[in-house]
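The values are calculated or read from the model by the stated rules, or taken from the named source; none is laboratory data. Since this is a predicted model, take the numbers as computed values, not measurements. Please note: Cβ atoms are built from the backbone with ideal geometry, for glycine as well, and neighbour counts cover all protein chains shown.
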């Protein structure tokens, strides 16, 4: 094996032959070129350990050759050969990048010594670079495995998702990362976001049967990364699936690579290796969660215990705050004043509670969580559910309390059922605040006019009559003021869901239509229903209902949504003035709103 490959460049044939013979005898592989252009042509397809070039040549001289070689191959060693008279030219060549120079006439010993020294130095540099590369590669692998090992340091899903996002970002140079994790309903839900990510634009869930285009590869995921669609390869996000035993347990999407370039093979390999560990870590965390849930269940009702529920709620608050989401809590309890245990006995009471728990579970969605505390109160967590959705569930729970009583009818079991709900963040952003608000609303439900009116057995027109009979307030301006305020609130907060029913009566119908102009051009999520004759040519986001359809001429308004619930009913004239009944009784208002919605065929989803 040759000691090194050398290219000798000189315009004089005898000097090329001299160098070739001398160096070949010492075990070097030597090629020659008659000028700078020929030397550059050879460098297009060959690589040399050393270039020896004469400095004074016709056409391209040695100085220009040095400059062009170093521009293309900065690490190439070049030695120039010149006469004593041109030493200053040799110095100029070294300034351009030449490694050394030799003087003519060539001394054989000096030439061999210089060549041997330069090639030895080159081998040392290459060995050092190789060792550095190996060390860097080893350090990279060690770093990856240290990050992977860190994934097994927690068995809680949300902290684990955060660690996965961080590890993937650091190993791949991604400036943005999102992680979705499998939940109990078989859906991948957004669990962590890191870096340059606009959470509001990310899908909150991924369903395998209806995946967005950039996640389509997850349907047949085999553990390998794949690119999502993008306007250019450099901008393409990288999707990393997490599998365990062939089952998809999660996925991450990485984007905004540092420097803007595409993910290189090394980053892809690192992401896939971390994805393998993430799948195993997620499988462990999901298994532990399943064991915890079995351990934290009430043996009689199979509902979760209060301790477990408390931890879940605190975790839900953290996620809701981080991702800008909402959720609701509902509490159901039997009124202590009518507790049947002394009469029916503990065994029968236990059976009754178990039956009630089963009926509640039939009403809940797969993502909802039911728990029971030591006082026999049932708690329900409703993820990603607003106040209107919680009100809908309460109505279903009340009907489920007495399955034989019929829809909208309050039987003996439902009559003593106390229900309360709160919503994050409208009713509070801390667990303690939400619980205090639940306590207050439970007290309100116990004393609600809904119970004293036996409203569940009355039609809506009859209920209005009962409420009108309670009218005592004399404030002629209140109906217009209340209606205008609620309309302005709907216009100001169009993203909040709610129900607003307005029945102004003939005298104030025109004025109310003018107030509704505040909604023109808006697309509110609140369902606004106007009980009045429709005016031709009016294009507003309002559902018009003819007064005759309701079977009552009593003016009223009902609002149910975020914040306070409110209803106002006009009563008979007293002393020449109309009297008013108004209330913020949430249970009564929700009942009125849902009875109206049912009578008018307005479908609502929880």
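Observations on the model:
- Matching option when the condition is crowded, with 19+ Cβ neighbours inside 10 Å and modelled with pLDDT under 85, among 230, 221, 191: 221
- Cβ pairs under 8 Å, 6+ apart, first in region 247-267 and in the same structural domain as residue 226 (by TED's automatic domain parsing) and free of Cβ contacts under 8 Å to residues at least 60 places away in the same chain, second buried (at least 17 other Cβ atoms within 10 Å of the Cβ) and in a loop (DSSP other than H, G, I, E, B): 262/236
- Boolean, residue 44 is surrounded by 13 or more Cβ atoms within 10 Å (Cβ to Cβ) and over 16 Å from residue 80 (Cβ atoms): no
- All conditions but one from (1) at pLDDT below 85; (2) part of a loop (DSSP other than H, G, I, E, B); (3) in contact with a helix residue (DSSP H, G or I) (Cβ under 9 Å, 6 or more places away or on another chain) apply to residue 60; the one that does not is (1).
- Taken together, the criteria place residue 466 among residues that are buried (at least 16 other Cβ atoms within 10 Å of the Cβ) and within 18 Å of residue 585 (Cα to Cα).
- Residue satisfying condition, being under 46 Å from the mean Cα position of the chain (by Cα) and at pLDDT below 90, within set 574, 603, 503: 603
- Of the residues making up region 581-590, those that are buried (at least 21 other Cβ atoms within 10 Å of the Cβ) and either under 36 Å from the mean Cα position of the chain (by Cα) or not in a helix (DSSP H, G or I) (or both) are 586, 587, 589, 590.
- For region 593-606, filtering for residues that are more than 15 Å from residue 545 (Cβ to Cβ) and part of a helix (DSSP H, G or I) leaves 1.
- Qualifying residue in region 479-496 (condition: modelled with pLDDT of 90 or more and part of a strand (DSSP E or B)): no
- Among the conditions (1) at pLDDT 80 or above; (2) within 21 Å of residue 269 (Cβ to Cβ), residue 143 misses just one, which is (1).
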